[in-house]
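Student: Quick one: structure below, then a few questions.
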Amino acid sequence: MGVTIKQGTAEKDIADARKRARKLKLFVHDVHGVRTSETLSCDVEGRRLYGFWHMDGFGDLSLTANGVGVAFLDTTSIDGEGLFRARELKLDKFYYSVTDKAAKVEELKKEMNIGYKEVACLGSELSDIPVMKKAGLAIATSDAKDEVKTVAHYITSAPGGRGAMREMCEFILRAMDKWDGWIEKVTKMEYPQEARVVAHFGATRPTGV
C-alpha cells in the first residue's frame, strides 16, 4: 500500500501516481487555467494579453524529448494565443476550439495506438473531468476546482500558468528514471534547440504567426 499524502483538501497516494506516470505515452492539457493563469489583461484598445510561464514550456519540451507526446486541447482561445504558444514550442499536436475533449483524446489514442492507461491529463476546470476520470494519470493544478481535485491522482503544488506543467514534467521523468539522464543532457546542451531556447532565454517568436 502506498503512502497517502494530503494535497490541498484531498488525500492522494503518491506511490500510485508514480506507478501510473511510468506508463505514459501522451500528456494532454488545456491552455487557459493550465498553461496560463486565470488572469486576463487588456490594453487601452481592448487587446487581450496573456501570460505564459516560460519554464512550463520547458516542461512540455522535456516530455516530448523523452518519448511522451504532448497535446494542447484548447477550448476557449479566441485570439489564437494557444496556437501561438504551441508553434513557439514546435509542438505538432495542437487542437483549437475543442468542444469535446474526451472525443479528441479518443482520436489521439487511436492515432497513437495506445490505451487510456498511457494517457495523462492535467486539468483545472470542470470540463477536464470526463478525460481525467478515464486517464491513467489524472492531475489537478493546485488552484483547480474541488471537483477536479477529487478525481485527480495527483495535485500539483504550483497553480495553473505558474509552474504546474514544469512540476509534472519532473515528476513524470523521475518516475520513469529518466530525470538524471535528462539533467545531464540539459547541462551539456545536448538536447533539442527548441528546448535549449526555452530553458535559457524564453521562447522566441516564430515566423509566420
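Student: Sort out which residues of segment 95-120 are surrounded by 13 or more Cβ atoms within 10 Å (Cβ to Cβ), at pLDDT below 95 and not in a helix (DSSP H, G or I), and write them in order of number.
Tutor: Listed by number, the residues that qualify are Y95, Y96, V98, D100.
Student: Name the single residue that is surrounded by the fewest Cβ atoms within 10 Å (Cβ to Cβ) among those in segment 64-81 being under 26 Å from V186 (Cβ atoms) and modelled with pLDDT under 90. Even if it seems obvious, please write down each step before you answer.
Tutor: Of the residues in segment 64-81, the ones under 26 Å from V186 (Cβ atoms) are 64-72.
Filter once more, so that each one left must be modelled with pLDDT under 90: 64-65, 70-72.
On the way: T64: 20, A65: 17, V70: 23, A71: 23, F72: 23.
Applying the filter and picking the extreme gives A65.
Student: Hey, does segment 133-145 have a residue that's among the charged types (D, E, K, R), touching a Ser or Thr at 6+ places or on another chain (Cβ under 8 Å), surrounded by fewer than 18 Cβ atoms within 10 Å (Cβ to Cβ) and under 26 Å from M55 (Cα atoms)? Lay out the reasoning, then the answer.
Tutor: The first filter runs over segment 133-145 and keeps only residues among the charged types (D, E, K, R), leaving 133-134, 143, 145.
The next check asks that each one be touching a Ser or Thr at 6+ places or on another chain (Cβ under 8 Å); those that pass are 143, 145.
From the residues that got through so far, the ones that are surrounded by fewer than 18 Cβ atoms within 10 Å (Cβ to Cβ) too are 145.
Pick out the ones that are also under 26 Å from M55 (Cα atoms) and you get 145.
Within segment 133-145 (the criterion being among the charged types (D, E, K, R), touching a Ser or Thr at 6+ places or on another chain (Cβ under 8 Å), surrounded by fewer than 18 Cβ atoms within 10 Å (Cβ to Cβ) and under 26 Å from M55 (Cα atoms)), the answer is yes, since at least one residue qualifies.
The values are calculated or read from the model by the stated rules, or taken from the named source; none is laboratory data. All values derive from a computational prediction rather than experimental measurement. For neighbour counting, all protein chains shown are included, and Cβ atoms are generated from backbone atoms with ideal geometry for every residue, glycine included.
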